[in-house]
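As structure tokens, the structure follows; a few thoughts come after it.
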Amino acid sequence: VDVYQAWCGPCKPVVNLFQKIKNEVGSNLLHFAVAEVDSIDALEKYRGQCEPVFLFYTGGELVAVVRGADAPLLQKAILKQL
């Protein structure tokens, strides 16, 4: 989940990274979503941050958090969770 604030918007370059990885691994296990923190109370702790935050869930449980749009780190986290 790409967690963003309305004033900076979702991290668009990461969408391309997720699509590339999904095409490479051909997995139906990988899903990408965006969530605007100001409209979701459960994400309140991510408000006021100037860097993107990516939350990784498996079976409905938070399993990893990556801060910043670091493509190699995101790719590593995605592949580890898959």
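Any idea which residue in region 1-58 is least open to solvent (accessible area, probe 1.4 Å), counting only those that are of a type in the set (Lys, Arg) and assigned to a helix (DSSP H, G or I)? Give the derivation first.
The initial filter retains those residues of region 1-58 that are of a type in the set (Lys, Arg), namely 12, 20, 22, 45, 47.
Now narrow it down to the ones that are assigned to a helix (DSSP H, G or I): 12, 20, 22, 45.
Details: LYS12: 151, LYS20: 102, LYS22: 65, LYS45: 147 Å².
By that ranking, first place goes to LYS22.
Please pick out the residue among GLU51, GLU24 that is among the acidic types (Asp, Glu) and in contact with a strand residue (DSSP E or B) (Cβ under 7 Å, 6 or more places away or on another chain).
Working: GLU24 fails: in contact with a strand residue (DSSP E or B) (Cβ under 7 Å, 6 or more places away or on another chain).
From the options GLU51, GLU24, the qualifying one is GLU51.
When residues of region 59-70 are filtered for being of a type in the set (Gly, Ala, Ser) and open to solvent by 40 Å² or more (accessible area, probe 1.4 Å), how many remain? Spell out the reasoning first.
Filtering region 59-70 down to residues of a type in the set (Gly, Ala, Ser) leaves 59-60, 64, 68-69.
Filter once more, keeping what is open to solvent by 40 Å² or more (accessible area, probe 1.4 Å): 59-60, 69.
Residues in region 59-70 being of a type in the set (Gly, Ala, Ser) and open to solvent by 40 Å² or more (accessible area, probe 1.4 Å): 3 in total.
Please work out which one of (1) touching a strand residue (DSSP E or B) at 6+ places or on another chain (Cβ under 7 Å); (2) outside any helix (DSSP H, G or I); (3) surrounded by fewer than 16 Cβ atoms within 10 Å (Cβ to Cβ) is the condition LEU73 fails and give its number.
(2)
Go through region 41-82 and report how many residues are of a type in the set (Gly, Ala, Ser) and closer than 15 Å to VAL3 by Cα. Steps first, answer last, please.
At the first step, the residues of region 41-82 found to be of a type in the set (Gly, Ala, Ser) are 42, 48, 59-60, 64, 68-69, 71, 77.
Retained after the next criterion (residues that are closer than 15 Å to VAL3 by Cα): 42, 48, 64, 68-69.
Number of matching residues: 5.
The values are calculated or read from the model by the stated rules, or taken from the named source; none is laboratory data. Being a predicted model, the structure only gives us computed values, none of them experimental. We place every Cβ from the backbone using ideal geometry, glycine too, and count neighbours over all the protein chains shown. Areas reflect the complete protein model, heavy atoms only, side chains present, ligands, DNA and RNA absent. Shrake-Rupley method; radii C 1.70, N 1.55, O 1.52, S 1.80 Å.
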